[in-house]
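Participant: What follows is a structure written as structure tokens; I'll ask about it next.
All of the numbers you see were taken from the coordinates with simple rules; none came from a lab. Note that the structure is a prediction, hence the values are computed from the model and not measured. Note that each Cβ is placed from the backbone with ideal geometry, even for glycine, and that neighbours are counted across all protein chains shown.
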Ligand SMILES: C[S@@+](CC[C@H](N)C(=O)[O-])C[C@H]1O[C@@H](n2cnc3c(N)ncnc32)[C@H](O)[C@@H]1O
């Protein structure tokens with residue numbers, strides 16, 4: 001569900017293209033637009049909707065997907081690496097990386113990281129532990145799908161707060177936003 005405002009921003013910049021398909025809830029687009037600044041990492045590209053919204057203001061976006069999921073949702077619209085690569089090639093600041101988040105190496109520091117890959121506690125925790133080391137001081141970490149169906153994500157968010165690892169800033173849509181003010185992470 002994409003707001004008029006973000007659709008308008010997209011159309012102004014890319015009048016010849018349509019927004020890709022994706023899995024976003026009400027107001028998630030506003031969070032992605034607000035925090036999509038500088039060099040951005042997304043874990044979990046799917047068909048590229050969040051990727052493209054993140055790219056509207058960002059300098060560069062790196063987006064990672066293993067392209068290994070099956071099921072009706074993942075066949076909708078042709079979800080393969082080749083198709084998504086071609087679609088995202090229209091945007092000159094988006095870099096699509098095929099691979100499992102556990103395996104990929106991206107030699108960059110990030111201003112914003114959006115975690116939306118595997119949704120089980122173990123995977124989200126691994127993604128957080130690995131990539132938060134590459135988050136700049138005062139950068140933002142965003143977790144998608146912070147609602148009761150995904151207890152593992154909620155648990156990890158609680159741990160980050162309890163352990164004082166990052167400061168919880170706000171929740172927009174179903175995205176929890178943290179700020180990395182703590183030197184010990186980097
Ligand atoms: C919920 S979808 C992402 C939705 C997307 N961000 C959007 O805007 O619509 C999750 C994606 O993460 C990918 N994925 C899941 N686990 C992964 C992992 N460990 N490494 C890389 N990609 C993964 C899946 O293939 C799937 O495309």
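Participant: Taking residue 148 as the residue in question, decide whether it is at negative phi, surrounded by fewer than 16 Cβ atoms within 10 Å (Cβ to Cβ) and in contact with a helix residue (DSSP H, G or I) (Cβ under 6 Å, 6 or more places away or on another chain). Even if it seems obvious, please write down each step before you answer.
Facilitator: Details: at negative phi: yes; surrounded by fewer than 16 Cβ atoms within 10 Å (Cβ to Cβ): yes; in contact with a helix residue (DSSP H, G or I) (Cβ under 6 Å, 6 or more places away or on another chain): no.
Criteria not met by residue 148.
Participant: Something else: I need a count of the residues in segment 33-52 that are more than 8 Å from the ligand (Cβ to nearest atom) and surrounded by 23 or more Cβ atoms within 10 Å (Cβ to Cβ). Working first, answer last.
Facilitator: Kept after step one, since they are more than 8 Å from the ligand (Cβ to nearest atom), are these residues of segment 33-52: 33-41, 52.
Narrowing the set further to residues that are surrounded by 23 or more Cβ atoms within 10 Å (Cβ to Cβ) leaves 35-36, 40-41, 52.
Number of matching residues: 5.
Participant: Working only within segment 104-123, note down all residues that are farther than 13 Å from residue 156 by Cβ, more than 9 Å from the ligand (Cβ to nearest atom) and surrounded by 18 or more Cβ atoms within 10 Å (Cβ to Cβ).
Facilitator: 110, 111, 112, 113
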